[in-house]
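Down below is the structure, laid out as structure tokens.
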Amino acid sequence: MALSNESYAPAPSVWEPDSIGEAWRLQQMLGLGSKFISGGTLLRTQWESGISEMPHHLISVAAIAEMSAIQIKADEAVIGAAVSLSECAKHPHIQAEFAHLVQAIRSIAAPSIRNMATLGGNIISAVGDSIPALLVSGAVLNWYGGSSRQTELLQDWVYAISQPGYQEKRLLISVSLPQMSSERLGRYVSFYQKIGRREAFTPSIVTTAFQGWIHADGGLADFHIAAGGGSSYCLRLTQSEALLNGSRLTPNLLQQLQQAVQEQMIAYSDPFASAAYRKKTAANLISSGLWSELAASS
């Protein structure tokens, strides 16, 4: 019998540390031929499509308690990087306080994928659909870099990773979401909407999110806005935020907001949509979502 000329890569060795320190030591010992993994859904797709090679060693972080838990504290909710998307979306506190994040998660792929995929993996992909919701929530990333733990605003990390040549070598431990103050006057509102295909790992056309407060007199305060989609990184739209905060929503302000979103959003054309279409769609989604929230408050 003739042997096939096709070669097969051997299955990688799987390591299962039970602490962050041990996981890091393994990665340092095994070197470039190793990769951290938990759900593995995105990595598996990259290997099967040939985007990246399967490493010789996989270091599973699924057994590390801190990375697999959701902790609710007085001033923040801390979601482990290895928590599955489904577990995150089903958590009662996350549902009650971060409805826009739950909506974002439910827009990602199919339930079978969300049962395996993790919040950390969605973030590390840098274009995950959870990122807009996390950005407007003021999410903080908690890292381990070998000698110490580090914290970093998600918006700062997204900007850093968008720069040419940046390579993330740290281990993402968890994501912290600041709790909303119960002493604020007015109504807290949040919004998330995605335009695109639902298939796993298919970039969306547009993803948008915002959160903020609407006072009894119609004044807007502490609004955070984010937009992205396709191959572009999702970013906070700070100029659009500044336009809203301290103002009252009027038809004229709505027009200014649409223009500001289109001017500040970074978007690229691809076979599915032009950059101009993405920007206009994002502007329309944000303005219509805000107008609907204001109408609900009146």
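Structural remarks
- Among the conditions (1) under 26 Å from GLY128 (Cβ atoms); (2) assigned to a helix (DSSP H, G or I), LEU254 misses just one, which is (1).
- Exactly one residue out of GLY120, GLY145 is crowded, with 24+ Cβ neighbours inside 10 Å, in contact (Cβ under 8 Å) with a residue 12 or more places away in the chain and over 8 Å from the mean Cα position of the chain (by Cα), and it is GLY120.
- All told, GLU152 meets the bar of being modelled with pLDDT of 95 or more, among the acidic types (Asp, Glu) and more than 14 Å from PHE210 (Cα to Cα).
- Residue within the range 63-70 that is of a type in the set (D, E, K, R), crowded, with 16+ Cβ neighbours inside 10 Å and closer than 30 Å to ILE205 by Cα present: no
- Among the residues of the range 206-222, just one is acidic (Asp, Glu) and at pLDDT below 95, namely ASP217.
- Scanning the range 229-243 for residues that are surrounded by 19 or more Cβ atoms within 10 Å (Cβ to Cβ) and modelled with pLDDT under 95 gives GLY229, GLY230, SER232.
- Answer residue from the range 240-251, given it is part of a helix (DSSP H, G or I) and touching a Gly at 6+ places or on another chain (Cβ under 9 Å) and is nearest to GLU293 (Cα to Cα) among those: LEU244
- Residues of the range 242-272 satisfying the condition of being in contact with a strand residue (DSSP E or B) (Cβ under 8 Å, 6 or more places away or on another chain), more than 21 Å from SER232 (Cβ to Cβ) and of a type in the set (A, V, I, L, M, F, W, C): LEU244, LEU249
- Positions within the range 21-56 being surrounded by 14 or more Cβ atoms within 10 Å (Cβ to Cβ) and either of a type in the set (A, V, I, L, M) or in the same structural domain as PHE98 (by the TED database) (or both), in sequence order: ALA23, LEU26, LEU30, ILE37, LEU42, LEU43, MET54
- Residue within the range 108-125 that is in a strand (DSSP E or B), out of contact with any Asp or Glu (no Cβ under 7 Å at 6 or more places or on another chain) and β-branched (Val, Ile, Thr) present: yes
Results for (1) modelled with pLDDT of 95 or more; (2) assigned to a loop (DSSP other than H, G, I, E, B); (3) out of contact with any Lys or Arg (no Cβ under 7 Å at 6 or more places or on another chain); (4) in the same structural domain as GLN155 (by the TED database), shown as yes or no for each residue.
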{"site": "GLN167", "(1), (2), (3), (4)": "no, yes, yes, yes"}
{"site": "SER174", "(1), (2), (3), (4)": "yes, no, yes, yes"}
{"site": "SER190", "(1), (2), (3), (4)": "yes, no, yes, no"}
{"site": "ARG197", "(1), (2), (3), (4)": "no, yes, yes, no"}
{"site": "ALA200", "(1), (2), (3), (4)": "no, yes, yes, no"}
{"site": "SER204", "(1), (2), (3), (4)": "no, yes, no, no"}
{"site": "HIS224", "(1), (2), (3), (4)": "yes, no, no, no"}
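- Residues that are of a type in the set (Gly, Ala, Ser) and crowded, with 16+ Cβ neighbours inside 10 Å do not occur anywhere in the range 2-18.
- Residues within the range 51-107 that are under 30 Å from GLY33 (Cβ atoms), in a loop (DSSP other than H, G, I, E, B) and not polar (S, T, N, Q), tallied: 13
The values are calculated or read from the model by the stated rules, or taken from the named source; none is laboratory data. Values in this document were obtained by computation on a predicted structure and should not be read as measured data. When we count neighbours, we look across all protein chains shown, and the Cβ atoms used for this are built from the backbone with ideal geometry, even at glycine.
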